[in-house]
Each structure stands twice: as C-alpha cells, then as structure tokens.
Number of protein chains: 8
Amino acid sequence: MVAKVSIIMGSTSDMPIMEQAAQILNDFKIPFEINALSAHRTPEKVMEFASEAYDRGIRVFIAGAGGAAHLPGVIAALTPLPVIGVPINSSNSLDGWDSILSILQMPAGIPVATVAIDGARNAGILAAQILGTGDEEIFNKVKEFKLSLKEKILKANKELSEIKFEYKTN
Amino acid sequence: MVAKVSIIMGSTSDMPIMEQAAQILNDFKIPFEINALSAHRTPEKVMEFASEAYDRGIRVFIAGAGGAAHLPGVIAALTPLPVIGVPINSSNSLDGWDSILSILQMPAGIPVATVAIDGARNAGILAAQILGTGDEEIFNKVKEFKLSLKEKILKANKELSEIKFEYKTN
Amino acid sequence: MVAKVSIIMGSTSDMPIMEQAAQILNDFKIPFEINALSAHRTPEKVMEFASEAYDRGIRVFIAGAGGAAHLPGVIAALTPLPVIGVPINSSNSLDGWDSILSILQMPAGIPVATVAIDGARNAGILAAQILGTGDEEIFNKVKEFKLSLKEKILKANKELSEIKFEYKTN
Amino acid sequence: MVAKVSIIMGSTSDMPIMEQAAQILNDFKIPFEINALSAHRTPEKVMEFASEAYDRGIRVFIAGAGGAAHLPGVIAALTPLPVIGVPINSSNSLDGWDSILSILQMPAGIPVATVAIDGARNAGILAAQILGTGDEEIFNKVKEFKLSLKEKILKANKELSEIKFEYKTN
Amino acid sequence: MVAKVSIIMGSTSDMPIMEQAAQILNDFKIPFEINALSAHRTPEKVMEFASEAYDRGIRVFIAGAGGAAHLPGVIAALTPLPVIGVPINSSNSLDGWDSILSILQMPAGIPVATVAIDGARNAGILAAQILGTGDEEIFNKVKEFKLSLKEKILKANKELSEIKFEYKTN
Amino acid sequence: MVAKVSIIMGSTSDMPIMEQAAQILNDFKIPFEINALSAHRTPEKVMEFASEAYDRGIRVFIAGAGGAAHLPGVIAALTPLPVIGVPINSSNSLDGWDSILSILQMPAGIPVATVAIDGARNAGILAAQILGTGDEEIFNKVKEFKLSLKEKILKANKELSEIKFEYKTN
Amino acid sequence: MVAKVSIIMGSTSDMPIMEQAAQILNDFKIPFEINALSAHRTPEKVMEFASEAYDRGIRVFIAGAGGAAHLPGVIAALTPLPVIGVPINSSNSLDGWDSILSILQMPAGIPVATVAIDGARNAGILAAQILGTGDEEIFNKVKEFKLSLKEKILKANKELSEIKFEYKTN
Amino acid sequence: MVAKVSIIMGSTSDMPIMEQAAQILNDFKIPFEINALSAHRTPEKVMEFASEAYDRGIRVFIAGAGGAAHLPGVIAALTPLPVIGVPINSSNSLDGWDSILSILQMPAGIPVATVAIDGARNAGILAAQILGTGDEEIFNKVKEFKLSLKEKILKANKELSEIKFEYKTN
C-alpha cells in the first residue's frame, strides 16, 4: 500500500485537529502518511521530504500549522504537487488570523489551497476531490459522500418538527 | 477540444482579475471555458451548469467573486469536483475581507480551495497542479514552470548588484 | 393557520439561537414555520422551498447561519420576499466576523436585512415590524411591545437607587 | 401623493450614496421623502420627525450615516416602523467598519435592518420588498425587477464569449 | 449635597463595570448620581435628563454602553457639558470593537471623551481631572492619587527581588 | 495672555490635522500654545514640559500622534491635568488602528480622553467643554456653538428639497 | 556577576509571561536583572533606569507590557541599546492587538525589536542571539539550542507513528 | 571590506523600501550586502545562503517580505544569527496585516525581531544597535544618531512658533 496523501504538521500538538483529515481519508480508503516536521526547526528535513514526495507516490499534501504558519507555503515551494493548507487556531494564535493570512496570502507562482480555520476534515475531502479528477473510483466515493450530507440534514430537519410552539405550523 | 477547467465569475467586472487564470491555463495548454453566472441573480442556471460539469469533461472549477462571495461555495455544493475560490477585492468590498471570509470559512463537508485576494493567476496554477495528480504531462509542465520562477528571481538578484553604496560589498 | 414567517437555519445546532426568533413571533401570535435546510448540503431543496414560499402564504424569511453563511443570501436570490439574515457565532467562526460579512455584504439587487450577531430575537421583532407595514393589528402589537421595553428599563433604574455610596446623591 | 418611505441622512454629504435609494424607489413608483437630520445636531427634530411618521403615511425608514452612525438606531428607538440602516464609508470612517458596527449591533428590542456598506440601492429594494408584503402590486414589481437582474447577467455572459484564447472552448 | 458627576448606563447589566467609576468618585469625595436610561428604550427620558443636567448642578457625564453604543453620543448631542464614554464589552459585543467604534468615532462638533474598553475606573479619574481644572481641591486630590500609583509600583518591584534564578543579579 | 490649553504633537507633519484644534480654540477665544515634542526623540523635554504645565497656567492638554502613539499617554503620566488624545492617521499607520489603540487603551490610573481618528477639531471643542465646567463664559460659548450646529443642518436640509424625483414628495 | 540583559515589565501581573524570558537566559547562563517599572506610573524612575543601563553593563533590554503598551518604546527612546518588546495579552487587552500595535509601530529612528504576543521565551532567545554577535561563546550556545529544537521535533514525529489507521502507511 | 549585515528581500519590487535599510547602514559605515532571494522560489539557494552566513562574516540579517511573508522566518530557521524582519505593504497585501502577522507570530524557539510595516530604516538602525552590543565604535555612532533626532525635533518646534493665531501665546 503506497501513500497518496501526505499529512504533515508543524507540531504534534496540532494532531487533534489534523487527525480529522486522517479519519476522512481512512473512510475514503485512500492510503496516507502522517508526519510532524517543522519548517522552522527541521528545514533540511522538510526540504528532503517534499522534494522526494512525487517519487514516493504522494500526489497531494495536507499541511497544517498555527501562528506564523510557514509549513504549507514551504512545502508548496518545494514540490509541483498541490498543497492544501490548514490554518490552526493554536494558543497565542490571535484567534487564527495569523495562521489564515500566513497560509492564504501566498505570492504569485506558489499557490496553497487554503481551507477554513481548523478545517482539517474539509482538507481531507478536498484531497479526495483532487485525486478524484484522475481516479473515477475516488470521484464516485466523493459523490456518495456528498449525497450522505444531504440525508443527514433532511433527517435533522425532522427533529425540528418535534419542537412545539402555539403558533408554529410545521 | 474539451474544456477541463471551468472559470466562472459572478460579474463581468471581475474579468480583469479572472483572465489571469485564463492566461496561465492557456500557457499550460489546458483547455478551459469562461462564464459569468451569478449565484444570486441566476441561481437555477448555476445549478444546472455545475451539476452537468463532470459529464461535459470539466475536472476543476475556478470561481471568483467579491463582497459576500457565495459563488464558489454554491458551486462546491452542487458538484463533487474540486472548486478553487478566488476572493476579489471589488469596490465596496471592505478591502476584500468579506470575500476572503465568505469563500474560506465553508462548513464541514463542502471545502473550497481558497487562494489569496485577487489571486486568479495562482488559481490557474493550482488547477494545473490538481490535474497534474492524474496527468503526467501536466505535472511536468508545472515542474518546468516552477523552475522558471527560480530563474527569474536569480536574474532579478543580479539587478541588485548594480546598485552602488560605498559600504555595499556585493 | 397559515405560516407568515419562515424561520430557516443551516444546521439544527443553530436552534438555541434561532428559537429566540420563534419565541417572539409566538408572543406576537404570528404563525410561523421552522426548517433546517442547508444552502450547501441541500441546494435543490432550498431552491424549491424558497420559490414556493409566497404561494404557501409566507411573507418574510428569517434565515440564520454561521461561518461562510450563504443561506440568507441564497434564499434572497430565490424569492422577491424580504429576507432577514441572522449571523451566528458558531464554533470555528472567527468570533462571527465571517458570518456577519457573508450575510451583510450582498451584491446590488439582492439585499438581506442583516441584524446583530446572534440577534435572532431582533430578527423576530423586525419580521413583525415588516408585516406591520400592511397589517394594523401587528403594527399595534409592536407599538405595545416597544412601550413595554421602556417600562422595563425604568423599573431597572429603580434597582440602582438601592445601591449606596457615601457620595451618591440618588 | 403621500410618501410611504422616508429617506433620512445625517449630513447632505451622504446624498451621493443615499440618492441611489431614491432612484430605485422612483423606478418602482413608490412615493418617498428625503431629509437630512442629524441624531447629534438636531436630536429634538429627529424625535418629532420619527414619532409622527406613521400618521404621515410613512411605512418604512431608510436611514444612512457614517462614522459612529447613530441615526438609524435613534430612529428605530422612536418608531414601531421598520428601519433600514445604510452604513456609509465617509472620510475618517475607518473604511466603514465604524458605521457598520454602529448600525448592525443594536441591542435586543430595537432591530435595524442593516445592508452592505454604501448599499443605499439595496436599501431601496428592501423597502419595496417590505411594502410588498402587504401590497401585491409592489410585490409584482419586485418580482419583475429580480427577473431583469437575471437577464442582465445572461447578456453579460455573452460578452465573455467574444474574448479569445487559444485554449478557450466557449 | 448636589451631584457634580452623572453616571449613566444603558442597562443595569453594565453596573459591575460602571460601579468602578462610582467607587473612585466616592474615594475622591465628589458627589455623583447613577442612572440606567437607554438611548433606545427611553429616548424622551434621556433627552429630558440630559437637557436639565447643568441646572441640576451636573458638570460631567460618564456614560457607559455596549454593542452599538449610542448612549454617550446621544447625551453629548443634548448637552454642552463634557461627556466621558465607557465602551463596555458585553456579551454578543464582538470583543468590544462595536462599542469602541460607536463611541469613539463621533462626528465633528459632538466629541465624546472615550476611555479604554471597560475603563470605568479611568472614566471616574478623568471626571475628577476635568472638575480639577476649575477646582483646586479636586486637582490636589488627583495629584496625590497619581503619587500613590507610583508607590504601589515601587512596592511591587520589591516583590520581584524575591524571585530567585541562578543568573539573576537583583 | 496666559495659555490655558497646550496643543502638542509628535511631529510637525501632524500640523495639518492639529491646527484644527488651534482654529476652534481661537474661535472660542481661549488662549493656547502649540508645540512639537516627541515622546521618543525628546523624552526629557516632554517630561519637563508636562511637569511644569499647571504652574504655567495650562489646564488641558491636547496631544496628537500617529503609529505607536505614545505622546498622549506619556503626557498623562506626567501631569494631573486632563489630556485629550488625537489619534492621527499618518502614512504607514495601518489606517489609524495603531494610533487609536495606542492612545485609547491606557492602563488603570492614567486615562487619556480619546477622540476620533484625526478628530483634532473635536479635541478643541472638548477642551472648551472641560474648561467650561469651571468657567461659565466658556460654557456659554460652547452652548451657542452647539446651537449653530443645529442651524447648519436645518439649512442643509433645505438644499435637499431642491432635488427633484417624480415620486419625491418633499 | 554583572547583568547583561535587563528584563523590565509594566506590572508584576506580567511576571508569569516575562519569567519565561528569565528562564531561558538562565539556561544560557547569561546574567540578567528583572524589574517592574511603569512608563506611566513611574516615568522619572524609568528615565533614570534606562539612561544608566549601559554603564551598569546592560547590553540588551527585554520590555513587556499589555494594552497601550508604551514601556518598550519609552525605554527605546532613552537608550542607544537594542530593546526587545514583548506584547502581553492582559485582560481588557482586545486579544493583544493593542499591545502588538503599540510596540510594533514605532516611529522612524526608534526601533523596538518586537516578538509574538506573549513571546517572552523568544525574547530571551533573541537577546542571546544579539549578544552572540559579539560573543562567540553565547553564539555557540544558541547554535546548540537550535540543534536541540530539531531533535525534539524528530522525536515527536516518532510518537505519530504509534497512531494507527487502517490506511495509514507509516 | 567584509559585510556584517545581510539585507535580503523576496522580490526586487521590495527594493524601494529595503534600500532605506541600506542607506542608514551606509551612513553608519557598516559594511553590508544586498540580495533578492525568495523563500518560495529559490528555497535551496536561501538555505545555502543562510547556513554559510556566519562564516562569511555576517552577524545580523535584515529580511523584508510582503503578503504571506515567510522569508524572515525561513532565514531565522537556518541560522543562529539574529534576524530582523521588515513587513512590506505590497499590492494585494491586505494593508500589510498579512506580512506583519506572518513575520511577528513566529513559534517558540525561532524569534524574528519585527519592526513596523515598511520600517526598513528602523531595521537598519536596529542592526546597528545589535552590532553595537559588541562594538563600542558602532554603539557610539548610534548614540550620536539618537542625539541628532532630538535636535531635528527641537528645530521643527521652532517652525511652529511662526504660525500665528490671535489667541496663540507662543
């Protein structure tokens, strides 16, 4: 089994958020790897790691970081593969504004596909969508997943019918 | 020639930004289509348009919008294909904060791959990277493109050597 | 009893806020309906729901959502009826700035009547005021309600007279 | 001809924005009045003006102001009629954040229906929608107006087809 | 004993903050009154109250409010006396940004002397400083108070000397 | 003629804003002095200047500064007199947010009476109001000034009556 | 043992943050002093303290403060030594935005080397780096310290290998 | 002549700001080098460049960048030397908030000494101050420079004495 998605985070303290990406990839049965490597503390390791990713079979990166979140951009600088960035609202993180802007506002030539603050689960879904552009089996799994979202909200709507007010009509 | 990327914008006034996505896709020789369809003014049209995209051959969307920018999210709700969102700093747009947040902060299950404010060129590059995960020819074009970025900055560095100060050593 | 106001929310987790709109409409004896339908998870359902609202007797919408809050705008795109938007400060919601801007900054032609963050109660009052423009009975109820606000604050002021400081003169 | 909508602004310097509300009401053939009265410079006048509005035939207020924009809220405090607030991005106005928050964040009991920064045209449309809840003729005009928005964007889309790129397919 | 300072707040829920203004005025032995009157719920009462203040002996107002905080500005509109505004970080108050901007950004001609968020104690000191411009006894009390601040911090510095590190030299 | 108000600014580049304070004091016939002294470049001078102010006859300070605007707070630390702070939106000043927060958010014990961004004219009026608490002549001038504001807006309202729309009723 | 670094804070309540600077200096065996002196409450003391620092042996200042944080800038105004500023997120501190901007946005001529919100530990490391420019022993300690960061993250990465998912490949 | 300060920027378009650092270093007669190297476009080059800096004689880095400004942090990750970061307000840069936060909010262990937006001149002064901790000649130049600031502002103050108002006393 060769990993297609590489989940990477700047610190193991980001794992409670980032494992949501792992979980959804697991649900989609897409093989993945997880590593903690810091753009600032292990720059040479990150460089090696990103440069060799394509040959290892990796097709998408999911990189999460908080504060002055450089990891997603540094990975994006080192590989032609698409990089999904997850801004993480860590402590001392100015409510996440710093991580959002450090990931989103990349310069021309080096895009990072940014998702919502702490949006690791959505990052996992986006990775599946990206792989689905070249893999019909994965595309179909995403399609089914989207249908399941619809069913959940329709079921939830029924709960609301149990709430009673004198002038409520449904 | 079948379009693989669908560029869509909420208003033709966004074209000066969004044509930068078209230009880079053209440079990569990736066929694309361009449309102006508003999530708010032509909702039924958008629905039809997004639902049929896969069968038309589309594999990636690039959607740009300003203000309360709903277009990328509405497209993402209607297709399992990946959607790249371009926040546009239109007039009355609160410096673009409204379009950034309206595109970035999508709920669980419906990611939009957001790029920087007015980052349509990067959106085009990201679309190529996404297609490259399943198409080696495109992957190699992105790889070459990244190398060309390096050369440009090394050339630019030489310009700086012409600037003279008495205590400048290079 | 035919509902005149349609309360709609993107997720049942918004109910603790949105039921405040229901409560005040109930107090005003204005019939209403409540539904959870997501602009992103059930787009076709939302389209059908909004398009048929006028014929069902609905005259005002109250739509609440958090994050990249598209629901109020999507409803507004689908009906000529007035739509009141309630930005909700959900978790991961950047203190509500994202929901405020996603609802407030609608493009020309598609207004949403936005109220304060988590302001569902005020949304209910505004719905009554809107109906009151064509219904004198409702108008008079709003008038009475406004008088009751005055009495509450005058009564509260008396509490302050019980607080003693040596140099306090009232 | 009795005015149904009262347009009010804090300063005549707000007229270039606020006349967009007048224009659209004129297009809808809804009679309206325009006044400049300041919550801070003519408080007694504002009080008299708002209190007597209903008896004069007014059914909706549109109030615009910049900076610490108190006018919409002060009107809302003085009448049971619905008040639409237009935040204006005047000079020294911190990009409009001050006027948005001063109008939007009204306390419980006193809603103001806030529209986008400088959104006077949308305020006029919202006023028509509000009157339309009790007046079928106005409702139908709004309905037609919404259809015309759709046509404009579909026509605009055709303009895009004239733009040529080698790899553009439509 | 005639009150010289009038403390006013929009809601009795602001009392835990506003009583800090009362406490410091009490310490300075400056007579004051406290009232809860809402710019939005009791506008006529506020008007009467502010207009007659000078004749009642009042020389300075301290007005506190949260959210779209209109009370200080409305008082300032109604009296030539100086008004000190206290932005209050109430619940649903966007961390206080709304109250700060609604009080600070007053239009030309109607200043409000704004203090820090929840800065009621400083508002009381500022009231004393203002009265001190025409009353030497109060001026001297403020002078003594400022000296006492210095002593407190010098005493606090001594606490730090008890903290031991091997390489700490004081 | 002894100055009662001391206008101070951090740099002569702030004079175009700060002279508006001078102008209104001149209109009120209140003697004043103007100085440029920097909290950062001439700290000893500022210290001497502020400490001796009371004995020189000064009763109110108006201090303007941009960026990390320390001047008003430093003056407030050195004198028991009231200090009015004017945040100035200088170049490189982050739209004035830095100067607002550096002046407004003073610690307990050291208030600065902050006015709106670039609000030097209002600072002059506030200085007059403060002096008016102990000087009936000045109080009456402020009272007259406030009446003149009312007349200006009533006159401006008449201009609006000249604007014609078919459905405008006044 | 003569202190080379002077740690100073505006209030002893900042000690839980600022002692992190002390701890890392202690680890580096760099002698330091700690004092609480307020720019606003003890301005003369601060002036004396900063002016004499060089002669006492001090080579770097680390100054922490919250709110309208003037202390680092005031020290920087009084000494030619480098000053490191630590913005502190104290209560009533607007999430630290006020302290960041009050320290960062210093005027031309008076830099303060600003670190992240509550970043006292980094301030200590930066002080060591600064001293290291003229002291090879300290430079080597910083070098070793940086290597230890690398080892920690590599060790942390191993923890992640223990987390099991069916489709996880490492 | 061996460079002691290395000025580095992400793009030659940053040169109009960054040359202000060069100018002041030139004035201080401190040898320096200037290079444009992008953290994202030439990561390997940056790595080599930063790792060898100490041996080349460099003692301080000044790194400027806009948007998601990773360059200063990437340099700081690669060298034990102190790095001064200059946030640059480039086009599409969200008024510089993105570059400020991307540079300031560095994680524990990797400080960047951040100066004000576009504050390259201050970065040059700070570099001199840092070198001055181990070099008395440079220290004395900074000391003189600080005195010259004082003289400039005192001279500027004289200009203000030429401005005449009837009630101006100095």
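Of the listed requirements (1) free of Cβ contacts under 8 Å to residues at least 40 places away in the same chain; (2) not charged (D, E, K, R); (3) not in a loop (DSSP other than H, G, I, E, B), G:ILE8 misses just one: (1).
For segment B:66-75, state whether one or more residues are β-branched (Val, Ile, Thr) and over 21 Å from D:THR169 (Cα atoms). Within segment B:66-75, one or more residues are β-branched (Val, Ile, Thr) and over 21 Å from D:THR169 (Cα atoms). Just to be sure before I move on: is G:ASN26 in contact with a Leu (Cβ under 8 Å, 6 or more places away or on another chain), surrounded by fewer than 22 Cβ atoms within 10 Å (Cβ to Cβ) and polar (S, T, N, Q) in the structure I sent? Considered against the rule, which asks whether it is in contact with a Leu (Cβ under 8 Å, 6 or more places away or on another chain), surrounded by fewer than 22 Cβ atoms within 10 Å (Cβ to Cβ) and polar (S, T, N, Q), G:ASN26 comes out as no. Residues that are crowded, with 20+ Cβ neighbours inside 10 Å and farther than 17 Å from D:ILE153 by Cβ within segment B:3-18 comprise B:ALA3, B:LYS4, B:VAL5, B:ILE17, listed in sequence order.
Residues of segment E:95-109 include at least one that is in contact with a helix residue (DSSP H, G or I) (Cβ under 6 Å, 6 or more places away or on another chain), more than 10 Å from chain F (Cβ to nearest Cβ) and crowded, with 24+ Cβ neighbours inside 10 Å.
Only residues that are outside any loop (DSSP other than H, G, I, E, B), in contact with a strand residue (DSSP E or B) (Cβ under 7 Å, 6 or more places away or on another chain) and either free of Cβ contacts under 8 Å to residues at least 24 places away in the same chain or more than 7 Å from chain D (Cβ to nearest Cβ) (or both) were counted across segment C:127-168, and they come to 6. Of the helices (runs of 4 or more DSSP H) lying entirely inside segment G:31-87, those containing at least 1 residues that are in contact with a Lys or Arg (Cβ under 8 Å, 6 or more places away or on another chain), within 13 Å of chain F (Cβ to nearest Cβ) and crowded, with 24+ Cβ neighbours inside 10 Å span G:71-78. Restricting attention to segment B:97-126, report how many residues are part of a helix (DSSP H, G or I) and either under 16 Å from A:GLY132 (Cβ atoms) or at pLDDT below 95 (or both). Matching residues across segment B:97-126 total 1.
Once segment G:73-118 is narrowed to residues that are closer than 23 Å to H:ASN140 by Cβ and in contact (Cβ under 8 Å) with a residue 40 or more places away in the chain, the residue that is nearest to the chain's Cα centre (by Cα) is G:ILE84. Each residue in segment A:27-81 was checked for being among the small types (Gly, Ala, Ser) and modelled with pLDDT of 95 or more, and 11 pass. Scanning segment C:5-32 for residues that are within 16 Å of C:GLY85 (Cα to Cα) and in contact with a Ser or Thr (Cβ under 6 Å, 6 or more places away or on another chain) turns up just one, C:GLY10. Taken over segment H:148-157, residues that are farther than 14 Å from F:PRO43 by Cα and modelled with pLDDT of 90 or more amount to 0.
Only one of the numbered conditions (1) within 14 Å of chain B (Cβ to nearest Cβ); (2) in a helix (DSSP H, G or I); (3) of a type outside the set (Asp, Glu) is not met by C:SER90, and that is (2).
The values are calculated or read from the model by the stated rules, or taken from the named source; none is laboratory data. Note that the structure is predicted; figures quoted are calculated from it, not measured. No Cβ is skipped: glycine too gets one built from the backbone with ideal geometry, and neighbour counts run over all protein chains shown.
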